[in-house]
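**Q** Have a look at this one before I ask anything.
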Amino acid sequence: MQYPIESQDTPEKKLNGLLGISYRIDGVITETGKYALFAKPNTYLATPGLNCSGFVLEASRFLLDKNITVSAAKVDRLLNSTKNSPYSEDWDFGWDLILNIAQDSPATFILPNSERRDKNDPQVNGFSPRGFDLHSQQTWDELPSRLKPDNLYLVSFNRDSGKAPGIQHYHVGLIYVNDKGEIWLYQTTGKARKVYRRNLADKHQRDQFLRSFSSRSKLKKYILILEIPLS
């Protein structure tokens with residue numbers, strides 16, 4: 001971390017303390033504070049490294065003041081993404097992760113056209129809702145005004161897939177809006193090689209973000225956003 005994080009720090013300061021941590025495939029921090037892998041959480045690693053899910057888990061621990069275990073974070077909620085799943089293994093891992101993090105918190109999905117849906121709605125699953133079309137102008141006309149300070153926004157990136165089940169939750173990040181109206185998306189990617197952030201309220205930074213998550217062919221990408229109050 002760039003500096004020690006204290007419980008009284010603002011959410012933005014807590015998040016900024018995690019900036020720069022190296023990217024590692026499957027990298028996570030255990031509930032005991034050790035670097036490890038999601039697949040091998042009892043085998044500790046000597047150097048820092050987080051993948052997108054590992055970063056979102058660790059950041060959420062600080063913001064929600066909950067020491068969420070690795071095993072709790074990766075629960076297969078609907079038992080439909082095991083090795084023998086007809087949909088492929090871990091196809092909805094990002095969806096599972098954000099809902100597992102929000103398990104004991106009030107949380108609501110922010111959806112297009114001013115709609116909202118409670119996380120416990122029985123019709124909610126990895127297939128639906130998809131959230132906002134990442135590259136639709138309508139998304140960026142509406143979404144900034146829907147995101148407010150004093151909330152943690154967990155984001156599952158999902159995309160059309162040419163294979164069953166036709167959708168994959170392939171990446172996660174989180175958004176925090178500060179009192180200045182800056183919309184900070186925090187994430188880590190293999191290309192960036194570290195935890196970083198972009199201000200989506202700034203058109204230049206938003207365009208950079210959209211270029212880095214461009215769609216291929218006619219397979220669309222979406223962001224499903226789960227709002228958790230921090231106050």
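The values are calculated or read from the model by the stated rules, or taken from the named source; none is laboratory data. Being a predicted model, the structure only gives us computed values, none of them experimental. Note that we place each Cβ from the backbone using ideal geometry, even for glycine, and neighbour counts take in every protein chain shown. Just so you know, the surface numbers come from the protein's heavy atoms only, side chains and all, with ligands and any DNA or RNA stripped out. Shrake-Rupley method; radii C 1.70, N 1.55, O 1.52, S 1.80 Å.
**Q** Express in whole angstrom the spacing between the alpha-carbon centres of the range 58-112 and the range 199-217.
**A** Taking the Cα centre of each part, the range 58-112 and the range 199-217 sit 25 Å apart.
**Q** Let me ask something else about it. Would you mind calculating the gained length between Leu219 and Asp65 on full extension (0.36 nm times residue separation, minus the Cα-Cα distance), in nm to one decimal? Don't skip to the end; give the middle numbers.
**A** Details: separation 154, 0.36 × 154 = 55.44 nm, distance 3.75 nm.
Gain in length upon complete extension: 51.7 nm.
**Q** How much length, in nm to one decimal, is gained on full extension between Gln8 and Ile25, taken as 0.36 nm per residue of separation minus their Cα-Cα distance?
**A** Values: separation 17, 0.36 × 17 = 6.12 nm, distance 3.14 nm.
That pair, Gln8 and Ile25, stretches by 3.0 nm at full extension.
**Q** Hey, another quick one. Students often forget the sequence filter, so: which aspartates and glutamates lie under 20 Å Cα-Cα from Lys74 once same-chain residues fewer than 8 apart are removed?
**A** Asp26, Glu31, Glu58, Asp65, Glu89, Asp90, Asp92, Asp96, Asp104, Glu227
**Q** With a 1.4 Å probe and every protein chain left in place, tell me how much accessible area Lys148 has, in Å² to the nearest 10.
**A** The accessible area of Lys148 comes to roughly 100 Å².
**Q** Tell me whether the range 138-231 comes out rounded, prolate or oblate; compute the Cα gyration tensor, take square roots of the eigenvalues as a ≥ b ≥ c, and use a/c under 1.5 as the rounded threshold. Each step should come with its number before you reach the end.
**A** Details: a/c = 1.71, a/b = 1.54, b/c = 1.11.
Cα axes put the range 138-231 in the prolate bin.
**Q** Let me ask something else about it. Counting only heavy atoms of protein chains, what accessible area per residue, in Å², does the range 15-168 have with a probe of 1.4 Å? Walk me through the numbers before you get to the answer.
**A** Values: 7100 Å² over 154 residues.
Value for the range 15-168: 46 Å² per residue.
**Q** Under a cut-off of 19 Å between alpha-carbon atoms, report the lysines in cross-link reach of Lys13, not counting same-chain residues fewer than 8 places apart.
**A** By straight Cα distance, Lys13 reaches Lys66, Lys148, Lys180, Lys194.
**Q** Now for a separate question. By a straight-distance test (C-alpha under 14 Å), which aspartates and glutamates pair with Lys218 as possible cross-link partners, with residues fewer than eight away in the same chain excluded?
**A** Within the straight-line cut-off, Lys218 pairs with Asp133, Asp160.
**Q** If you don't mind, another one. Can you sort Trp95, Trp140 by solvent-accessible area, 1.4 Å probe, largest first? Provide the component values of the computation, followed by the final result.
**A** Working: Trp95 5, Trp140 25 Å².
These residues rank, largest area first, as Trp140, Trp95.
**Q** Here is a further query. Quick check for you: which residues of the range 34-65 have the amide N under 11 Å from the point 7 Å beyond the Cα of Glu89 toward its beta carbon?
**A** 39
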